[in-house]
There are 2 protein chains.
Amino acid sequence: MWTFDAPPLEYWKARYGFAPDQAWLDHVRLASVRLPICSSSFVSSEGLVMTNHHCGRECITTVSPPDTSYQRTGFVARTLAEEKKCPGLYVDQLQSTEDVTSRVRGKGTASATAGQVAQREAAIQEIENQCQQQTGDVCQVVTLYQGGRYSLYRYKRFSDVRLVMAPEEGISFFGGDPDNFTYPRYDLDLTLLRVYENGAPKKTEHFFKWSATGAKEGDLVFVIGNPGSTGRLLTLAQMEYLRDVTYPAQLAQVKRNIAIYQELVGQGDEARRRWENQLFYAQNSFKAISGYQAGLLDSAIMVKKRKFEDDFRARVNRDPKLRARYGDAWNRIALALKEQRTLAVKSRFYGFGASQLLSMAGVLVRLPEESALPDSARLPAYRGDGLEKARQVVQAPVPIDKEVEKATLAAQLTAARKELPAADPYLNAVLQGRSPEVAAEALIEKTTLADPAARKALLDGGAQAVRASDDPLVVVARKIAPLSRAVAMRNQRLESTASANAERIGQALYAAYGTSLPPDATFTLRISDGEVQGYPMNGTKASYKTTFYGLYARSADFDDQPPFQLPGRWKAARDRLDLTTPMDFVTTNDIIGGNSGSPVINQNAEVVGLIFDGNIESLPNRFIFTDEVARSVAVHSRGITEALRKVYDAGRVADELEGSARVSQQ
Amino acid sequence: MWTFDAPPLEYWKARYGFAPDQAWLDHVRLASVRLPICSSSFVSSEGLVMTNHHCGRECITTVSPPDTSYQRTGFVARTLAEEKKCPGLYVDQLQSTEDVTSRVRGKGTASATAGQVAQREAAIQEIENQCQQQTGDVCQVVTLYQGGRYSLYRYKRFSDVRLVMAPEEGISFFGGDPDNFTYPRYDLDLTLLRVYENGAPKKTEHFFKWSATGAKEGDLVFVIGNPGSTGRLLTLAQMEYLRDVTYPAQLAQVKRNIAIYQELVGQGDEARRRWENQLFYAQNSFKAISGYQAGLLDSAIMVKKRKFEDDFRARVNRDPKLRARYGDAWNRIALALKEQRTLAVKSRFYGFGASQLLSMAGVLVRLPEESALPDSARLPAYRGDGLEKARQVVQAPVPIDKEVEKATLAAQLTAARKELPAADPYLNAVLQGRSPEVAAEALIEKTTLADPAARKALLDGGAQAVRASDDPLVVVARKIAPLSRAVAMRNQRLESTASANAERIGQALYAAYGTSLPPDATFTLRISDGEVQGYPMNGTKASYKTTFYGLYARSADFDDQPPFQLPGRWKAARDRLDLTTPMDFVTTNDIIGGNSGSPVINQNAEVVGLIFDGNIESLPNRFIFTDEVARSVAVHSRGITEALRKVYDAGRVADELEGSARVSQQ
């Protein structure tokens, strides 16, 4: 995940015999554009933009006519005039980057007193404003290496983006949740947009041409996009904390939610429609967290990490200056985490997260208390505009389902009772000798807080009204609040220590390795090198590619039932398609969430594919990059044009991609 | 893997609501027939027998005309007259079983002095002879529960077996070594034979009819066949020994061989033809051993095993009689293995296995020494007719490839040098201060033993000639022999202790659980219950079935390259086939090597499939049966008839299977 201001040219030359010049680098940077939460690229001289279907989801839904869902039916603009403007959507094209570390840091070494943090934020704001005023562009100071370096990114923004083509969700997300994060895969996860300027397709010389052959095994390929977030600078102690404390607790929590949503979804069609998205997201995060956790449980990966950390610390310790400045950072983090471990069970349960209504009771109890304190002494969530936000939250007329509230609260209390000691004050306060189910039933049944007016009355009544209230949830919240506050404040101190020292480690990394190690992902433009390559899987081999044959096979394996049901267009097109056409493929490139929609290009800067996922084995890459079996998953360029021509009757678009037609001649 | 004399009828009734009567059990027993190393079954009233392609391999090769390989081209008899007799092939049909434990054991409790072992073998021989004389059938005493029980199995043998149909190896073993032991799978691993009596197709009422629908998800199914060998009565200590000592050493050894064969295979077409089978078998055993080892490394499996052993030992210890008789057996095994661990590295390398020529030198050195001893004092391999066999081995004119000899010897010596201490006498004797490569080069280059005449001269010259020889390999063998003998004799004593106590554990098992636990596999007829069921795989779901679509997909994934190349017939037939036809499927039935060719039947005793493999997750079932993700893999009955009709133009056979035609009317 290299930045464009420090591409590893020598490494590429040695490894692949490929040494792109500055013009190549500038061209691929300018051909790549960022969507609000995804990556994308120009793929024609007239502003056509390629990204994933799941990146275009909001636009696709918004532009659907009242009686139609383009998510379900797909959408193809037959002419330029039929292309539909996506309200609010824009793309950002990276113009320049500039090291502003010294301007941000001033002259002192970084540490993390509140005053210094505020100073730094002010400096960043000033740099961004100045840039914006001078250029009219979008300017953003990016924190690299956890604060080891700061860089000013300047973007040209294009705000007229229109929908050109989107397939059905049934094919763009074929295989649904089961196949998500896996390979072999059969998704056409594609959306085509077009950038307009002054009401006409934007002309550009910086776009990726379409490769005549597409990706082939062994090809050197690059992915250009905006990876969102990685944790590769985490120390071993931090990874162990995730492995032993954070992830097990998160997995247990998500599992409880999945059980609740599954029960809800089973209660009939209406319940299913209301809760199936929540169920999907819960299952999805269970899979993702399990994958990260698998990496941390893999001793080979941890050994690799330890080896890196040993080397890094040895480099720091060899240089007296670095040693004095950064040498103790690892131990400081480890000590803070050691103390956090002792608080972990309490931090997990003390608080108001067990139900939506309990959480509102908590805010009502806390608001008068926190308002009375000076800003810096408040709980973090109540600092700055936090007070006002909290007031809005309790007043908002959100729908409350009391049965779901009871189930959630009972599940959380059951878990708390298993992990906390019997005489724990939190348990006493909530359960009062009752079973979790009985307590949850009584508290939720009798509270009046489901009524926004009741909440408003308590909010307006302030400290006195809260003290006087005999609403059972408020009574409970009054007892929990001081317990929870004590734990939260201790945690907060420990987390500040950890993040201040993480910043020191980031500075040390840059001091010890320079740009030879790229910074963690920051949802800014990166270029990643790799190869098209199959891998050993499940006792046998996964091929580097899948084909349309495989799509029909996977559907037939499951008797064409959802999520393996083929859209009607695909059933009808079967005999027209060359079923041996590659559909998806895998590469060893380093990507992560945010790279969705990134182009995969060859040495000639031609599109050979479109990134949309990683395989299950790639999830541990969050912490350390490996390419034995971890792979990025992409739509194959030949699958795209074959589908456009033979399934979607969208020869207009296929011709434009392949460069044989210009839209302006239509 | 239940025996037919103790089917778990109550368990089946409670679990599946299915209670077959004795007639059903007799019918399915008689419809199942055993091949020399496989399982099979009657599938028509006129003697048609269904088994796997790899079970018919020898016949298919033997009956091929001089200029044709039916392995490569496939074979279909268009008429009865074209069916080809398989020389030497027979099938055995189980007629009866009879408990003969008391006759084998006499009146004493079992222990393992050499005298008692001989007595028992004599008793078994007598029982078999008597049965054979009285009935004219094939009789075999089977050792169940490691000696906990003995049973007389009587078979009717049919020795006129003819080849009816065999597909190409390219489709019966599609996916080759990579896909072997895995699922999803796309093999038509089928051979059809026919049993003749008096020159005409054998008439039988005991055959499996063909199911109209074939296997469907959730179906209750039975597999009837002859599982070869399991290790489910192994103690925890024995499993740990396999995990820590045996398998790691075997894997290292096989890996060394794979490296050597890979290098050889890469040396050109002739070398490839000569060595590719060895490479295949080495890769195959690497995969199998890795799978067993994975089970032993899986803590969930070991916990399950420990739980069982705890329960078993508690049952034994609760009963004073059982406790006195068997209570110490586990510890005795553990003690023996503890001592074996200390010998393990020496036993692995001391000896003559490092090359074929060294092994011949070893036999030449040992023969005069062992001949001079009384039989019971000899090394096990030289007892009884072992002497004569050893003499034949050194005289046989086998081809020797000196380059391969050097590579094998050098690899083994390199490994030995890594694991043995520097001053080890074996290393000193062989290396004499040289590097493994230099030593191997010198020893193999200069020895005369590659010449059978040289070996014959040493053999005839006896002790004196061996002592006088200055052949470098003989010199080395003279030095190694006493080292090796000491370790081998100690090992031999420890192994006898282990196997005598294993027998006691088998008896204890039968005493504690009766027939509620089936005995370990013994390549005799068993019936196994299970369900047709997909499973969670690789982050997603494996469907219970694959289809012909998947076959064409897997081939296209690898650009129709071997081992994923489709036979010409299959390419030509594509448009005639219904590509959604199920090809293979998986079930939770308990099987193991020897079950190859077993029918999968439904409750109506109709064929729904044909067992041919297990998935990679099923390999640990060798030690303990689990069905979370372990699956048996079978050819689907609908895939068989669709292929017979539309690929092989073998409607004659498909009609016979489906019961719509009788061959005698042809």
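The values are calculated or read from the model by the stated rules, or taken from the named source; none is laboratory data. Since we're looking at a predicted model, the values are computed, not measured. For neighbour counting, all protein chains shown are included, and Cβ atoms are generated from backbone atoms with ideal geometry for every residue, glycine included. Side chains included, ligands, DNA and RNA excluded: accessible areas come from the protein's heavy atoms. Shrake-Rupley method; radii C 1.70, N 1.55, O 1.52, S 1.80 Å.
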Go through (1) farther than 29 Å from residue B:353 by Cβ; (2) in a loop (DSSP other than H, G, I, E, B) and name the single condition residue B:504 misses. (2)
Only residues that are of a type in the set (S, T, N, Q), open to solvent by 10 Å² or more (accessible area, probe 1.4 Å) and either within 7 Å of chain B (Cβ to nearest Cβ) or in contact with a strand residue (DSSP E or B) (Cβ under 8 Å, 6 or more places away or on another chain) (or both): list them for the stretch A:514-540, please. A:515, A:522, A:533, A:538, A:540
Cross-chain or 6+ apart pairs with Cβ under 7 Å, the stretch A:85-96 first and farther than 16 Å from residue A:43 by Cα, then of a type in the set (Phe, Trp, Tyr) and open to solvent by less than 30 Å² (accessible area, probe 1.4 Å): A:90/A:158; A:94/A:153; A:94/A:155; A:95/A:155
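Yes or no, residue by residue, for (1) outside any helix (DSSP H, G or I); (2) over 30 Å from residue A:166 (Cβ atoms); (3) over 27 Å from the mean Cα position of the chain (by Cα):
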{"position": "A:58", "(1), (2), (3)": "no, no, no"}
{"position": "A:66", "(1), (2), (3)": "yes, no, yes"}
{"position": "A:72", "(1), (2), (3)": "no, no, no"}
{"position": "A:96", "(1), (2), (3)": "yes, yes, no"}
{"position": "A:121", "(1), (2), (3)": "no, yes, no"}
{"position": "A:126", "(1), (2), (3)": "no, yes, yes"}
Out of B:138, B:117, which single residue is more than 29 Å from residue B:56 (Cβ to Cβ), among the hydrophobic types (A, V, I, L, M, F, W, C) and open to solvent by 30 Å² or more (accessible area, probe 1.4 Å)? B:117
Restricting to the stretch B:585-594, name every residue that is open to solvent by 20 Å² or more (accessible area, probe 1.4 Å) and either among the small types (Gly, Ala, Ser) or within 12 Å of chain A (Cβ to nearest Cβ) (or both). B:593
Is one or more of the residues making up the stretch B:1-23 charged (D, E, K, R) and either assigned to a strand (DSSP E or B) or crowded, with 18+ Cβ neighbours inside 10 Å (or both)? no
Can we say residue A:500 is at pLDDT below 95, open to solvent by less than 10 Å² (accessible area, probe 1.4 Å) and more than 9 Å from every other protein chain (Cβ to nearest Cβ)? no
Of the residues A:609, A:597, which single one is part of a strand (DSSP E or B), away from every other protein chain (no Cβ under 14 Å), at pLDDT 95 or above and closer than 19 Å to residue A:52 by Cβ? A:609
Is at least one residue of the stretch B:612-629 under 15 Å from residue B:188 (Cβ atoms), out of contact with any Gly (no Cβ under 8 Å at 6 or more places or on another chain), part of a strand (DSSP E or B) and within 14 Å of chain A (Cβ to nearest Cβ)? yes
Any chance residue B:257 is of a type in the set (S, T, N, Q) and either open to solvent by 50 Å² or more (accessible area, probe 1.4 Å) or touching a Phe, Trp or Tyr at 6+ places or on another chain (Cβ under 6 Å) (or both): no
From the list A:413, A:296, A:335, A:358, which one is open to solvent by 40 Å² or more (accessible area, probe 1.4 Å) and hydrophobic (A, V, I, L, M, F, W, C)? A:335
When you look at residue B:133, is it more than 30 Å from residue B:652 (Cβ to Cβ) and either of a type in the set (A, V, I, L, M, F, W, C) or out of contact with any Lys or Arg (no Cβ under 7 Å at 6 or more places or on another chain) (or both), yes or no? yes
Of everything in the stretch A:416-437, what is in a helix (DSSP H, G or I) and either over 16 Å from residue A:480 (Cβ atoms) or open to solvent by 20 Å² or more (accessible area, probe 1.4 Å) (or both)? Give them in sequence order. A:417, A:418, A:419, A:425, A:428, A:437
Subset of the stretch A:374-388 [open to solvent by 60 Å² or more (accessible area, probe 1.4 Å), touching a helix residue (DSSP H, G or I) at 6+ places or on another chain (Cβ under 8 Å) and without any contact (Cβ under 8 Å) to a residue 12 or more places away in the chain]: A:381, A:383
Any residue in the stretch B:270-296 that's more than 14 Å from every other protein chain (Cβ to nearest Cβ): show its pairings with residues that are aromatic (Phe, Trp, Tyr) at Cβ separation under 6 Å, as long as the two are six or more apart or on different chains. B:275/B:261; B:278/B:261; B:279/B:261; B:282/B:261
Can you say whether residue B:299 is closer than 30 Å to residue B:47 by Cβ, of a type in the set (Gly, Ala, Ser) and at pLDDT below 95, as far as the supplied structure shows? no
State all residues of the stretch A:233-254 that are open to solvent by 30 Å² or more (accessible area, probe 1.4 Å) and not in a helix (DSSP H, G or I); if no residue qualifies, say none. A:234
Mind checking whether some residue in the stretch A:343-353 is free of Cβ contacts under 8 Å to residues at least 60 places away in the same chain, of a type outside the set (Gly, Ala, Ser) and part of a helix (DSSP H, G or I)? no
Pairs please, first residue from the stretch A:650-666 and closer than 15 Å to residue A:191 by Cα and of a type in the set (Ser, Thr, Tyr), second anywhere and exposed (fewer than 14 other Cβ atoms within 10 Å of the Cβ) and modelled with pLDDT under 95, Cβ atoms under 6 Å, 6+ apart in sequence or on different chains. none
Would you please list the contacts, defined by Cβ atoms under 9 Å and residues six or more apart or on different chains, that run from a residue in the stretch A:311-329 that is in contact (Cβ under 8 Å) with a residue 40 or more places away in the chain to a residue that is surrounded by fewer than 12 Cβ atoms within 10 Å (Cβ to Cβ)? A:325/A:109
Taking the stretch A:568-584 and keeping residues assigned to a helix (DSSP H, G or I) and facing chain B (nearest Cβ under 10 Å) leaves A:574, A:575
What are the residues in the stretch A:586-611 that are acidic (Asp, Glu) and farther than 23 Å from residue A:231 by Cα, if any? A:606
Take the stretch B:541-567 and flag every residue that is within 7 Å of chain A (Cβ to nearest Cβ), open to solvent by less than 20 Å² (accessible area, probe 1.4 Å) and in a strand (DSSP E or B). B:545, B:546, B:547
Listed residues A:203, A:216; which is open to solvent by 40 Å² or more (accessible area, probe 1.4 Å) and in contact with a Ser or Thr (Cβ under 7 Å, 6 or more places away or on another chain)? A:203
